[in-house]
Amino acid sequence: MFLLKLVLRNAFRHKLRTLLTIAGLLVAVLAYGLLQTVVDAWYAGASAASAARLVTRNSISLAFPLPISYESRIRGVDGVTRVARSNWFGGIYQEPKNFFPQFAVSDNYMDLYPEFVLKDAERAAYLRDRKGCLIGRQLADQFGLKLGDVLPLRGTIFPGTWEFVIRGIFDGSDDTKVTRQMMFHWDYLNETMRKTAKRRADQVGIYVVGIDNPDNAAAVSVNIDALFRNSLAETLTETEQAFQLSFVAMSDQIIAAIRVVSYVVILIIMAVMANTMAMSARERTAEYATLKTLGFGPAFLALLIFGESLLICAVGGGIGIALTAPAAAGFKQAAGGIFPIFSVSHETLVLQVACALAVGIAAAIVPALRTARIRIVDGLRAIA
Amino acid sequence: MNAPLAAPLVEIRKLAKGYVRGEQRVPVLSDITLDIQSGDFTALMGPSGSGKTTLLNLIAGIDKPDSGTLLVGGQDITRFSESELADWRAVNVGFIFQFYNLMPVLTAYENVELPLMLTSLGRGERRERVEMTLAVVGLADRMKHYPNELSGGQQQRVAIARAVITDPTLIVADEPTGDLDRNSAADVLAMLQRLNRELGKTIIMVTHDSHAAHAAKALIHLEKGEIIGGVERAGT
């Protein structure tokens, strides 16, 4: 109790200094939390991927399509339950900054994605309308779109202006699911290609393959790829997660830089905090020597310094952690849909606590050791 | 027939202490032999650098000699480890410093209570003792004041209360009037005399103020680390 009283009073002895240090810690812990959340958001798609889905693409590159004839052959592989077609459309809605993913998909595509929840009536309406499309809830909310609206897209890969009618809005089964994409009928795209660019008809971007047992993913992948070995379009089959991660890997260096910056922020505040604690301990050398003179041991003095450092870090870090979720919500809003999943994970919160704790301990080590070791006579002389 | 003399409270034999400055060893005290009786009020006088504060620090157990023996209350404190010395000081020695050395974040009451935090006394007993001691030094009405709300003389009286709160065997005072005006200094000296006379406390005081030194019963002159002319008794 006495120790706590002394820690509290020492911590707020120089109010301005303490408040500035707390503010620094707050900003550092908050920045760390936001940067970690950015990294998490980058991986959100991959981490939400199902282990029961494989993706088969052209082994040369994603830019090269596969023939439609592969579909039935893939379906014949042991362990395969469903095969759906998907083509990246890459259209522009109003202006390029309004980017969102668009896919031309076969009608069984949604069967492979039980995490997308669509009402039966809307699904039926979509299947009835050749120009119908499905959009996710996040996308609908972002642009204020609703059922029956016409969604015009300017094609970049597939030229022309394309108009789709929104027939369904699907939700995610939970908050971690990204629902910021649009799907429309692969047949509509293919028929248009037959009329306008025959050479590009009957081509599939990727096949999404449903399997009966995720444990057999590797074997099924090998068997699919074996079917097309030495053909004109060899395939590469991998899990959906590996497929998603290959996109994330393209921005590996950016993510690494974000990670480094997040830790640099913590290191900087650690240095600031260590300086504050060293300054405080130096100013109180004579007081600590007096306490030693009266019979208080080095361990008590070390506890005083560690207690003060941890208290300041707990206050600054605590406020920083408390502000992370609202700041993340604001960040998500300001980012304009670049990060559809931008929620602070439990792991990030734990890391923030660990960082604040580490700063508090690291900042106190040197002053505590120095104070514990100082000779009383030298310490008392510091008053003069 | 004379009654046998009681053993001195402080027995110092051939005590030496020096400091290393660069590659040179600078002697501060050499060959000090001295006895201080229980209940004595001794002033250590001498010019700056004569070694009086060093001698006081050695007697109080906050510094260690290079050689010689130093017995306080029959215990050779030179053989104590740092933690044994800390425990010994907490029980046996009360400290009064020139600049009071009060904790600025604690009130007068809390400063006086500080040494009692190392004892097993309960809160009620501590309160009783602190209030009584602050009343003895005339600061019963200033208990809740922080050091910066007190005058120099008042701060030194809080320091005196802190020094006696554990009822130590020995009180050491390093220039206790050095930072005070004449009236406050007189008050502090009168208080030390009362502690010595009425409560029988053994006091060793370092001073270079001859007026302060005359408040003591015995006077020891130090010069260049040596005792000059033995112990002068008041009235001799």
For the subset of the range A:267-316 comprising residues that are among the β-branched types (Val, Ile, Thr) and either within 22 Å of B:THR119 (Cβ to Cβ) or surrounded by fewer than 21 Cβ atoms within 10 Å (Cβ to Cβ) (or both), which member is nearest to the chain's Cα centre (by Cα)?
A:ILE268
Going residue by residue through the range A:336-353, is there one that turns out to be under 17 Å from A:GLY24 (Cβ atoms), touching a residue at least 60 places away in the same chain (Cβ under 8 Å) and away from chain B (no Cβ under 14 Å)?
yes
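Got a sec? Which helices (runs of 4 or more DSSP H) wholly within the range A:247-342 have at least 3 residues that are within 30 Å of A:ALA49 (Cα to Cα) and hydrophobic (A, V, I, L, M, F, W, C)?
Counting at least 3 such residues, we get A:252-283, A:298-334.
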By residue number, the members of the range B:87-101 that are assigned to a loop (DSSP other than H, G, I, E, B) and more than 8 Å from chain A (Cβ to nearest Cβ) are B:GLN98, B:TYR100
Can you tell me which condition B:ALA43 does not meet? The list is (1) in contact (Cβ under 8 Å) with a residue 24 or more places away in the chain; (2) within 11 Å of another protein chain (Cβ to nearest Cβ), and all the others hold.
(2)
Going by the conditions given, is A:ALA327 touching a residue at least 40 places away in the same chain (Cβ under 8 Å), out of contact with any Gly (no Cβ under 6 Å at 6 or more places or on another chain) and closer than 23 Å to A:ASP141 by Cβ?
yes
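Taking into account only those residues within the range A:59-118 that are small (Gly, Ala, Ser) and within 22 Å of A:CYS133 (Cα to Cα), which is modelled with the lowest pLDDT? Quick ask: steps written out before the conclusion?
First pass over the range A:59-118, keeping only residues small (Gly, Ala, Ser): A:59, A:61, A:63, A:69, A:72, A:76, A:79, A:84, A:86, A:90-91, A:104, A:106.
If we keep only those that are within 22 Å of A:CYS133 (Cα to Cα) as well, we get A:84, A:86, A:90-91, A:104, A:106.
Working: A:ALA84: 96, A:SER86: 96, A:GLY90: 91, A:GLY91: 94, A:ALA104: 96, A:SER106: 96.
Among residues in the range A:59-118 that are small (Gly, Ala, Ser) and within 22 Å of A:CYS133 (Cα to Cα), the one modelled with the lowest pLDDT is A:GLY90.
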Might you let me know whether the range B:40-58 holds any residue that is more than 24 Å from B:GLY225 (Cα to Cα) and either among the basic types (Lys, Arg) or surrounded by fewer than 22 Cβ atoms within 10 Å (Cβ to Cβ) (or both)?
no
Criterion (outside the structural domain of A:SER106 (by TED's automatic domain parsing) and within 22 Å of A:PHE247 (Cβ to Cβ)) met by exactly one of A:SER86, A:SER50
A:SER50
Residues that are modelled with pLDDT under 95, of a type in the set (S, T, N, Q) and surrounded by fewer than 19 Cβ atoms within 10 Å (Cβ to Cβ): does the range A:342-351 have at least one?
yes
For residues that are more than 29 Å from A:LEU151 (Cβ to Cβ) and surrounded by 15 or more Cβ atoms within 10 Å (Cβ to Cβ), tally how many sit in the range A:182-215.
1
So, in the range A:1-52, of the ones that are aliphatic (A, V, I, L, M), within 14 Å of another protein chain (Cβ to nearest Cβ) and part of a helix (DSSP H, G or I), which residue ends up farthest from B:GLU110 (Cα to Cα)?
A:ALA11
Report yes if some residue within the range B:61-69 is assigned to a loop (DSSP other than H, G, I, E, B), surrounded by fewer than 22 Cβ atoms within 10 Å (Cβ to Cβ) and out of contact with any strand residue (DSSP E or B) (no Cβ under 9 Å at 6 or more places or on another chain); otherwise report no.
no
Pull up the range A:289-299, narrow it to residues that are farther than 16 Å from B:PHE95 by Cα and in contact with a helix residue (DSSP H, G or I) (Cβ under 7 Å, 6 or more places away or on another chain), then point me to the one that is farthest from the other protein chains (Cβ to nearest Cβ).
A:PRO298
Picking from B:GLU84, B:GLU125, which residue would you name as being part of a helix (DSSP H, G or I) and within 14 Å of another protein chain (Cβ to nearest Cβ)?
B:GLU84
Just a yes or no: is a residue in the range A:303-315 more than 24 Å from B:VAL105 (Cβ to Cβ), in contact (Cβ under 8 Å) with a residue 24 or more places away in the chain and either in the same structural domain as A:VAL27 (by TED's automatic domain parsing) or in contact with a His (Cβ under 7 Å, 6 or more places away or on another chain) (or both)?
no
Mind checking which residues of the range A:134-152 are over 12 Å from A:LEU118 (Cβ atoms) and either touching a His at 6+ places or on another chain (Cβ under 6 Å) or among the hydrophobic types (A, V, I, L, M, F, W, C) (or both)?
A:LEU139, A:ALA140, A:PHE143, A:LEU145, A:VAL150, A:LEU151
So which residues in the range A:1-54 are free of Cβ contacts under 8 Å to residues at least 24 places away in the same chain and of a type in the set (Gly, Ala, Ser)?
none
Could you run through the range B:59-81 and say how many residues are more than 12 Å from every other protein chain (Cβ to nearest Cβ), closer than 20 Å to A:PRO298 by Cα and not polar (S, T, N, Q)?
3
Where residues in the range A:264-288 are among the charged types (D, E, K, R) and touching a residue at least 60 places away in the same chain (Cβ under 8 Å), which of them is nearest to B:ARG89 (Cα to Cα)?
A:ARG284
State whether one or more residues within the range A:367-377 are within 11 Å of another protein chain (Cβ to nearest Cβ) and either crowded, with 21+ Cβ neighbours inside 10 Å or closer than 30 Å to A:ASP174 by Cβ (or both).
yes
Condition first: within 14 Å of another protein chain (Cβ to nearest Cβ), among the hydroxyl-bearing types (Ser, Thr, Tyr) and assigned to a helix (DSSP H, G or I). Can you find one or more residues in the range A:221-243 that meet it?
no
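For (1) in contact (Cβ under 8 Å) with a residue 24 or more places away in the chain; (2) in contact with an Asp or Glu (Cβ under 9 Å, 6 or more places away or on another chain); (3) of a type in the set (Phe, Trp, Tyr), each residue gets a yes or a no:
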{"position": "A:ILE169", "(1), (2), (3)": "yes, yes, no"}
{"position": "A:TRP186", "(1), (2), (3)": "yes, yes, yes"}
{"position": "A:LYS198", "(1), (2), (3)": "no, no, no"}
{"position": "A:ASN213", "(1), (2), (3)": "yes, no, no"}
{"position": "A:ALA217", "(1), (2), (3)": "yes, yes, no"}
{"position": "A:ALA226", "(1), (2), (3)": "no, no, no"}
{"position": "A:SER231", "(1), (2), (3)": "no, no, no"}
Filter the range B:103-122 for residues that are within 8 Å of another protein chain (Cβ to nearest Cβ) and either of a type in the set (Phe, Trp, Tyr) or within 26 Å of B:LEU56 (Cα to Cα) (or both) and give the result.
B:MET103, B:PRO104, B:LEU114, B:PRO115, B:MET117, B:LEU118
With respect to A:MET270, determine if the residue is away from chain B (no Cβ under 14 Å) and touching a Lys or Arg at 6+ places or on another chain (Cβ under 9 Å).
no
Please work out which one of (1) farther than 30 Å from A:ARG154 by Cβ; (2) of a type outside the set (Lys, Arg); (3) more than 14 Å from chain B (Cβ to nearest Cβ) is the condition A:TYR93 fails and give its number.
(1)
Sort through A:VAL350, A:VAL366 and tell me the only one that's farther than 24 Å from A:LYS177 by Cβ and out of contact with any Ser or Thr (no Cβ under 7 Å at 6 or more places or on another chain).
A:VAL366
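The values are calculated or read from the model by the stated rules, or taken from the named source; none is laboratory data. This one's a predicted model, so the numbers in the text were calculated from it and none came from an experiment. For neighbour counting, all protein chains shown are included, and Cβ atoms are generated from backbone atoms with ideal geometry for every residue, glycine included.
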